[in-house]
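See below for the structure under consideration.
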4 protein chains.
Amino acid sequence: MSKKNDILKSALKLFADEGFSATSTSKIANSAGVSEALIFRHFKNKNGLLEAILKEGEEKARLLFADIVFETNPLKVIEKTLELGEKFMASKEVADFWKLQYKIKWELEQYGEQKMEPLEIALTNAFKKLGYEEPKREACYLLTLMDGMATRFFLQKSYDLKLETEYLRKKYKQ
Amino acid sequence: MSKKNDILKSALKLFADEGFSATSTSKIANSAGVSEALIFRHFKNKNGLLEAILKEGEEKARLLFADIVFETNPLKVIEKTLELGEKFMASKEVADFWKLQYKIKWELEQYGEQKMEPLEIALTNAFKKLGYEEPKREACYLLTLMDGMATRFFLQKSYDLKLETEYLRKKYKQ
Amino acid sequence: MSKKNDILKSALKLFADEGFSATSTSKIANSAGVSEALIFRHFKNKNGLLEAILKEGEEKARLLFADIVFETNPLKVIEKTLELGEKFMASKEVADFWKLQYKIKWELEQYGEQKMEPLEIALTNAFKKLGYEEPKREACYLLTLMDGMATRFFLQKSYDLKLETEYLRKKYKQ
Amino acid sequence: MSKKNDILKSALKLFADEGFSATSTSKIANSAGVSEALIFRHFKNKNGLLEAILKEGEEKARLLFADIVFETNPLKVIEKTLELGEKFMASKEVADFWKLQYKIKWELEQYGEQKMEPLEIALTNAFKKLGYEEPKREACYLLTLMDGMATRFFLQKSYDLKLETEYLRKKYKQ
DNA sequence: TATGAATGAGACTTCATTCAT
DNA sequence: CATGAATGAAGTCTCATTCAT
């Protein structure tokens, strides 16, 4: 794999573990086994590196969401949304990626609403079809809950994401 | 007000707005209108300053939680928990304090579970009294949801905390 | 003498000898026997250091020019202007200061016309009193010549400023 | 035109505008539309590039001076010398070349006396023929003046080289 | 001839912290 | 209690240059 990729991988891991500000470019270079200067040659500056990582991530997220957005069965839309959380745990790298997303949200105070919009619309439609009185609100409610679950999952070691997802699943099956 | 307090206030605001790592002691000193050295005289080092802020905060949180913990009417326990969120917005300083709590959680990856334990126990008891099948799980569920609501409130400008709380309230009244 | 002054002195010497761009802040710190950080504490950045030196210089120049500007005898105005050149050589530090002025002019392409204006006006008046047909032009001519003499004096080792000044003096006595 | 020439042209412009130290090889490569490595292939290093530019320039200067040096009519020698200044303005590229000459003089503190010697000798002879008492001094005087005029022309936007040359011409016609 | 990838050295600057007063 | 002077270490980034292709 190319050195540029090594940098991206190391940076993702370090940003996710220690935060953007707290991770120095020299630490990234060290961990990637490249010279510090190479980071700047490839990404212009530290922010450029972050942006490259986030852009890569947006693509991944789009793919993940696409599966939900194009689902027509409302029950399946909800089910697939619930499964999203469990996908966080698929691999160390995927988990790092999502952890970074949340960490960055807090560090830079950008919520990135537009990224979630298609998902919210899909959920709103699903709840509408299922006869919910306030489908838009319920969609927001579920997504907010999932933000909470992510918070717990990444920050509270004792949190059991699977069990909690199961409980939520039951609620929506009533 | 004392200079020590000026420092605490400025640091709270800056840590909450820009994060701990990204806030330099010189910025704090500047914003507080004191010399940088005074920070170190009062708090030993930058970490000491953070700890002082967090300790101050724990007290405030304890007070806030006490009201809920000693409540015996289960419906009121839930209602008061829901009201907690709206208290975030009471004043700029209170909001900053809570924002900092969340920011620090993500920056230092300490969830501080023990702080929330009394609240979780109180909620568990309340749900038990109300005949919920899995009261402990429901308590965790509600607190997780509130973490999500906090995330949205602090990071997503368009989020309407009052409306969402209202929706949640209705759910628990069914 | 204060460390701040040591920095100014070292910087003046180095900027004058090697140019602004080619002189690193670490070289200045070394030569002044202080930490590099102190430069930034006192002058904000490398440009601030240059500005401080130039501002100090403007004062010196103003004093030097004042003597000429308030002279009423036209012959003496010219004589004192001619003497200006010889004052470049008064001491190593004064010479460094004037060398820096010229070096900076070329490096940053700022001529600083307004600094010379009072002198040009004084000379124009002197030549008018002496009956020159184009006094303003003659003033400009003399000052331009002195720029040339400075160029030679600072850059051409074999240039004998005293002899050349003597020759010029004769010209104006005709 | 060859890429080697593109580099020379861009470097001349940039060195003349921003100085040698302040111009990075990457800026030159960028502005010339070539890779940075090509500069080093053609000129070994940054200094080699400067030397190539200066050598190219020496040739141009030699040609310019030759016309004066081989002139036998003393009045024409003076007239042609005066015209030299106006030739600075012939084209942007010629002006850049002369600006660079002066800039480099100041940046590297090399006056390059030997380049001017033939001109000085020619002028000395001319003034001798015209009966000046100190012909060598007068030659030096005129050349110094022209250095002053160059300084003004390149650094002082409001300087009117043509008018000043005209004034000088009158002086020598008296 | 021409380039893209790569780098060691060093540039400017900021940081948290100490100390004398 | 409060500050201004001072600094070592580290931070981000640029520089001239090399090398494989």
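Nothing in this text is a laboratory measurement; each read-out follows from the coordinates by a stated rule. Everything numeric in this text was worked out from a predicted model, so none of it was measured. Every residue, glycine among them, receives a Cβ derived from its backbone with ideal geometry; neighbour counts consider all protein chains shown.
Miscellaneous remarks
- Value of [θ]222 nm, deg cm²/dmol, for the protein assembly as shown, DSSP H segments ≥ 4, -39500 (n - 2.57) each, nearest 500: -26000 deg cm²/dmol
- For C:K3, a cut-off of 15 angstrom between C-alpha atoms picks up these aspartates and glutamates, skipping any fewer than 8 places away in its own chain: C:E36.
- Segment D:1-135: Cα Rg divided by the 2.2 N^0.38 Å rule of thumb: 1.26
- Rounded to two decimals, the Cα radius of gyration of segment B:11-81 over 2.2 N^0.38 Å is 1.55.
- Anisotropy class of segment B:78-141 from Cα gyration tensor, a/c 1.5 cut: oblate
- Sequence-separation-based contact order of chain C, relative, with Cα cut under 8 Å and 6+ spacing, percent: 21 percent
- Across C:K99/D:K162; A:K105/B:K115; D:K76/D:K173; C:K99/D:K9; B:K13/B:K105; A:K9/A:K60, pairs whose alpha-carbon gap is larger than 19 Å: C:K99/D:K162; A:K105/B:K115; C:K99/D:K9
- Within 10 Å of each Cβ in D:154-161, the average number of Cβ atoms from other chains: 4
- Cα centroid of segment C:17-69 to Cα centroid of segment B:74-119, whole Å: 53 Å
- Each 20 Å bin from zero up to the one holding the largest Cα-Cα distance in the protein assembly as shown carries the following percent of pairs: 14, 32, 22, 20, 11, 2, 0.
- Ordered by the count of other Cβ atoms within 10 Å of each Cβ, fewest first, C:D67, B:D6 give C:D67, B:D6.
- Kyte-Doolittle mean at least 0.0 and Cα axial length at least 15 Å: DSSP H helices in chain B: B:46-69, B:135-155
- In percent, rounded to a whole number, the relative contact order of segment D:69-136 is 40, using alpha-carbon pairs under 8 Å and six or more apart.
- Segment A:112-174 shape via C-alpha gyration tensor axes, a/c threshold 1.5: oblate
- Each Lys and Arg contributes +1 and each Asp and Glu -1, all at the Cβ; summed about the Cα centre of the protein assembly as shown, the dipole is approximately 200 debye.
- Label separation (A:Y172 vs A:E56): 3.0 nm, computed from points 7 Å beyond Cα along the C-beta direction.
- From the Kirkwood radius over Cα pairs of segment B:44-96, Stokes-Einstein at 20 °C and 1.002 mPa s returns a whole-number translational diffusion coefficient of 169 µm²/s.
- Within the same chain, aspartates and glutamates fewer than 8 places from C:K170 are excluded, and of the rest, those with a Cα less than 17 Å from its Cα are C:E79, C:E83, C:E86, C:E138, C:D160, D:E133, D:E134, D:E138.
- Residue-count net charge about B:K80 - beta-carbon cut-off 9 Å; Lys, Arg +1, Asp, Glu -1: -3
- Nearest-first distances (nm) between copies at A:K115, label 7 Å from Cα via Cβ: 2.6, 5.3, 5.8
- Among C:E93, C:E164, C:E79, the largest mean-square fluctuation in a Gaussian network model of chain C (Cα springs under 10 Å) belongs to C:E164.
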